[in-house]
Amino acid sequence: MNFKLEFLKTVKPFNILPEEVLAGVADLLQEVRYTKDTAIYHQEATKMKGVDIIVEGEYEAFFYDSEQNKRVVLHHQSGYCYGGISVLLNKKRSLRSVIAKKGTVVYFLPRRDFKQICQAYEEFFHHFTAEFGRLMLNDEFAHFVKRPTAFEENYIASDQLYSRKIESLVYRDLVACSAHTPVYEAARLMAEKKVSCLFVQDNQEQIIGYLTDITIRDNVVARQVNVQEPVHLVMDNPIMSINTQAYVYEAILLMFRTKTRYLLIEENGQYLGFLSRNKLLSDQAQSPFVFIQSVKLAQSVEELKRKWEKVPEIVYQLLDRGVKPEIVNQVITTVSDTIALKVIEGVIEEMGTPPAKFVFMVLGSEGRKEQTLNTDQDNAIIYEDKANEQRELVREYFLKFAEHVSERLDLIGFSYCKGGFMAKNSKWTHSLSHWKRNYSSWMKEPDPETVMKFSTFFDCRYIYGEASIMDELREFLDQELQEPLGRFLYHMAKNALQYEPPLTFFRNIKTFTKGSQEVFDIKKTMTPIVDLVRVYALKNRIFKTNTGERLEALKSIGEFTETDYHELMHSYYYLMSIRLKKQAIQIIQDKTEPNNFVDIRSLTKIEQVTLKEIFKTIGNFQASIRLKFTNTLLS
C-alpha cells in the first residue's frame, strides 16, 4: 500500500492530487504483469476499461497503417499513464496500438474512478488534454488521429454520369453561316439567335469551323481585324463530334483532351445539334470533371502540385462507388494530361515560339492512358527536320525546353523516370527522320533491350504539338510492319512471357515476404496482359495505345473471340481496380509513397479466389502466345 502511494506521488498528473485523495486512489489500483511482448490494445478497436500507470518495463505505442507497418512509434516507461487521452477524447477507444514489453508491470485504474478524478480536479483533467495538444503538433500523428473512416463524396455527383448516354441529354440546335459571311453579320446572327457558338459551313454545307464570343475577342478585336472580313479567316477549329450512343463522361473527357468548348452531336452521319462544356459541367456540379476544370484554371506550379495531390482521394471515391477502373484510369490520365499541357504552355510562353514544329508525346502506361498513382515521367519529343544550319539551334531549344518541362513536372509530383525515358535525355529528343531510324533499327535488330525500347515507344501518344508529325510516324511504322517480322515478333512474344502469374504448383497464390507482409507484385502480374495484347496489336498493325481499346479492335477483326475479349478485359481491369485502390489508401491514409505490393492477407476470400482464376487465364493466354509466336510449348 505504502509503495503504491509513494509511487503515485512521482507520477504526473497524480502528483498534483491531495495526499488523502491519492491514498484513496492507491487503494483502487490493480497490479497487472506481462511476462512477454503482448499486444494489449489495438487502435480504434479496443475499448479502454481504464488507464494504465507503468511501474516497470515499457509500453510501445504506435499506429498501424494499411500495410500493418508501425507508424509514429513512441516508447513509454515507468511513471507514464496510458489511456487518459483515449478515455477522455476518443470515445473510450484506444487511440493507438500498444505492445507491453517483456517484464512490464502496470497499475490499472478503472475508467469510472479515473473520470471522477477528472471531474473533481480540473488541472488533473487538463494534463491529458495538454498532452494530446502537444502530440497533435506532430503532423504524422495528427494525420493518423484525423484519418477518416469514410471519405466524403465531394466529387461524385451521380452514378448516372457513368451510365447516362448523350442521346438522353437536351442539346442546342445548330446555328450556322457561310464561310464567306462577314464577321459583323456573324456577330449579329449570334445576338439574334442568342447563341454563344456559331458554326461555319463551306459551299457543300459541311461544317468546317466555329465562331464564339471568345473567338471574336481574341481573333478579331485583339488583332484589330476588319469586321468586313469573312468569318473563315478568323474562325476556330478543329470540329469535334460525338455519337449519341457515347456516355456523358466520354463527352466531357473528349472536350478536355481536345480543349474544345463545343461538341457536335452525331447520329448516322448527321449532326443533330451541339453541347457546350459549360452546360455539361454545370449539370455535374460535384463531379470529377469540375475538378479537372479547376486544374485548367490553375495559375502556378505550386497550385498544380496541390491539384495533383487531391487525385488519390478522387480515385478512391470513384472506385468506392463502383465506377469502372477503366473510367478511373481515364480521369487520372485527363488530369495528368491537363497538368502537362499547362506546364508545356507555361514553358513556351517563357522561352518564346519554338523554332520548329514538334510533338511532345507520352509513353508507357501514360501513353496507354493506364496511369496509376505510382507514376513517373515517360515522354519524348519529335521535331520536324530542318536544314543543316538550323539543326543545332533547333536541338538546343528543345533540349532546354524539355529540361524545364521535366523539372516542373517533378516538382508537381511526377518523378523523373529511373530508366531515363524522358525528353530531357538527349537520346529521346530528335528529328522525325532520326525517330524513324530508331524504330526501324529496333525492329530489324531485336534483342531484349531493343524490344523494351520498342514496347515503350510503341505505346506512345502525343499530347501537344503538330498531329501531322505523329501521323507521318505512324504511316512509316505501318509500312515497316508489313515487312516479314518473324524474328521481331518472336522477341516481342518472349518479352510477353517474361513475367509469369504468381501461382504455385498447387494453384495457390505465390507470395514473398516484405517486412511483416506476404505480398505479390500486382504490376508484374498485370504486365503479361499488356505485353501479349501489344504483340497481337503489332501483328495486326493496330495503332491504338490503350490495352482495352486494343482488345476491342482485336475482337472486331476476329483475332480474339468474344470470350477471349471478356476474359482479358475482366482480368486486366479487376487487377487495375485492386492496384488503384491500394495505392490511394497508401497515399490518403498512410501518408506513404504508393507501391505495387499487395498483401494477400488484406484480400477477402472471394478476392483471392477471383485472383487465382485470373492468374490461370493469364497463364492460358501465355501458353497460346508461346505456341503461336515462339513455336514451342516450353517456356
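Here, each number is a calculation from the coordinates, and none is a lab measurement. Keep in mind the model is a prediction, meaning the values are calculated, not measured. Quick reminder, even Gly has a Cβ in these numbers, built from the backbone with ideal geometry, and neighbours come from all protein chains shown.
Results, tabulated for the structure shown:
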| item | result |
| --- | --- |
| Estimated dipole of region 324-472 in Debye, rounded to 20 [Cβ of Lys and Arg +1, of Asp and Glu -1, Cα centre] | 180 debye |
| Angle in degrees between helix 562-588 and the longest Cα principal axis of the chain, rounded to the nearest 10 | 50 degrees |
| Nonlocal amide H pairs with Arg172, under 5 Å, H built at 1.01 Å | Phe274 |
| Extension gain (nm, one decimal) between His42 and Asn508, 0.36 nm per residue minus Cα-Cα | 164.7 nm |
| Sparse-neighbourhood loop sites, trypsin sites (Lys or Arg not before Pro) in region 1-56 - DSSP loop, at most 11 other Cβ within 10 angstrom | Lys36 |
| Options Thr129, Leu5, Ala23, ranked by Cα towards positive dipole end of region 2-146, top entry (Cβ charges) | Thr129 |
| Amide proton proximity set for Arg164, modelled H, under 5 Å, gap of 5+ | Val248 |
| Over 25 Å (Cα to Cα) - which of Lys310/Lys582; Lys259/Lys591; Lys494/Lys539 fall in this group | Lys259/Lys591 |
| Per-residue HN-Hα couplings for region 370-384 [Karplus 6.51, -1.76, 1.60; θ = phi - 60°; Hz; x = Gly/Pro] | 10, 5, 10, 8, 9, 10, 10, 7, 9, 8, 7, 10, 10, 10, 5 |
| Rounded, prolate or oblate (a/c below 1.5 giving rounded, otherwise prolate when a/b exceeds b/c) for region 160-283 by Cα gyration tensor | prolate |
| C-alpha long axis of helix 111-120 to longest principal axis of the chain, angle in ° | 90 degrees |
| Gain in span if fully extended, Leu5 to Ser516, counting 0.36 nm per residue against the direct Cα distance | 179.8 nm |
| FRET E, pair Ala176, Glu552, Förster distance 45 Å, beta-carbon r, rounded to 0.05 | 0.85 |
| Residue exposure sequence - Arg550, Arg188 - by fewest surrounding Cβ within 10 Å | Arg188, Arg550 |
| Hits among lysines - C-alpha to C-alpha of Lys193 under 20 Å, sequence gap 8 or more where chains match | Lys279 |
| Mean ellipticity per residue at 222 nm, deg cm²/dmol - from DSSP H runs of n ≥ 4 across the chain, formula -39500 (n - 2.57) | -15000 deg cm²/dmol |
| Qualifying trypsin sites (Lys or Arg not before Pro) in region 476-532, DSSP loop, other Cβ atoms within 10 Å at most 16 | Arg507, Lys510 |
| Region 324-396: trypsin sites (Lys or Arg not before Pro) falling in loop per DSSP and having at most 15 other Cβ within 10 Å | Lys357 |
| Approximate spin-label separation Ala120-Ala623, in nm, with each point projected 7 Å along Cα-to-Cβ | 7.7 nm |
| Fraction of beta bridges assigned by DSSP in the chain that are antiparallel (%, nearest 5) | 85 percent |
| Three-way shape label, region 484-635, alpha-carbon gyration tensor, a/c 1.5 | prolate |
| Options Thr563, Ser300, Phe398, ranked by Cα towards positive dipole end of the chain, top entry (Cβ charges) | Thr563 |
| For the chain, the longest site-free run once chymotrypsin sites (Phe, Trp or Tyr not before Pro) in DSSP loop states with at most 12 other Cβ atoms within 10 Å are removed | 1-504 |
| Region 268-373: C-alpha pair distances exceeding 20 Å, % | 52 percent |
| Cut-off under 5 Å, modelled amide H: who pairs with Lys514 long-range | Val519 |
| Charge dipole magnitude, Cβ of K and R +1, D and E -1 - the chain, Cα centre, debye nearest 20 | 1480 debye |
| Label point distance in nm, Ala23-Asn540, each placed 7 Å from Cα along Cα→Cβ | 9.1 nm |
| Average Cα contact separation per residue, region 324-472, under 8 Å, 6 or more apart, as relative contact order % | 34 percent |
| Relative frequency of Cα-Cα separations exceeding 21 Å in region 428-504, percent | 33 percent |
| Proximal lysines relative to Lys510, as straight alpha-carbon distance under 18 Å, when same-chain residues fewer than 8 apart are discounted | Lys523, Lys524, Lys605, Lys612, Lys616 |
| For region 442-486: rounded, prolate or oblate by the Cα gyration tensor [a/c cutoff 1.5] | oblate |
| Degrees between helix 547-556 axis and first principal axis of the chain (Cα, 0 to 90, nearest 10) | 50 degrees |
| Under 20 Å from the Cα of Lys9 - aspartates and glutamates, other chains or at least 8 residues apart | Glu19, Glu20, Asp27, Glu31, Asp52, Glu56, Glu58, Asp113, Glu122, Glu123, Glu131 |
| Pairwise FRET efficiency - Glu396 versus Tyr416, Cβ, R0 = 22 Å, nearest 0.05 | 0.55 |
| Förster radius 56 Å - calculated FRET efficiency between Glu607 and Ser78, Cβ distance, rounded to 0.05 | 0.80 |
